Amino acid sequence: NRSLIFKDDAEKKVSISVRIFEFDVPFAGFAMVTTTGAIYEITDRDSGEIVFSERLSTSGRVEANEAFSGLTRAMESANKAVRNNIQKFIDAAEQANL
């Protein structure tokens, strides 16, 4: 919503599909790093044609000084990895000629 790349009144209507193929959360450690990967597809609703397809991998890192609890660091690293992945998709979609 914040990127405003999709508009409700746009002439072309699309659907977005996201498939997660990797979600590796750390078990333990001082610095927690989560890796996530997703395949994003944008499909034209009129024709059924896939107009955008991208496989994106990202990570999120939380250092020991950011949170005392290991569980908190692991969860925050997962949150960062997912946010980074979505941002990478938005950046790629903005660059695509849809």
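Probing with 1.4 Å while keeping every protein chain in the model, the per residue accessible area of the chain equals 69 Å². Note on LYS80: aspartates and glutamates with a C-alpha under 15 Å away, same-chain residues under 8 apart excluded, are GLU22, ASP24, GLU63, GLU66. With all pairs of separate Cα atoms included, the stretch 20-98 yields a Kirkwood hydrodynamic radius of 13.7 Å. What residues of the stretch 24-48 lie in the reach of a label at GLN87, counting those whose backbone N is under 20 Å from a point 7 Å from the Cα along Cα→Cβ? Zone members listed by number: 24-26, 31-40. Karplus-derived 3J(HN,Hα) values for the stretch 52-58, using 6.51 cos²θ - 1.76 cosθ + 1.60 with θ = phi - 60°, are 8, 8, 8, 9, 10, 10, 9 Hz; glycine and proline are entered as x. Farthest towards the positive end of the charge dipole of the chain, among the residues THR72, SER53, ILE90, is the Cα of THR72, using unit charges on the Cβ of Lys, Arg, Asp and Glu. Using a probe radius of 1.4 angstrom, the carbon and sulfur fraction of the accessible surface of the chain is 51%.
The values are calculated or read from the model by the stated rules, or taken from the named source; none is laboratory data. This is a predicted model, so every value here is computed, not measured. Because the Cβ atoms are built from the backbone with ideal geometry, glycine has one as well, and the counts that use them run over all protein chains shown. What goes into the accessible areas is simple: the full protein's heavy atoms, side chains included, and nothing from ligands, DNA or RNA. Shrake-Rupley method; radii C 1.70, N 1.55, O 1.52, S 1.80 Å.
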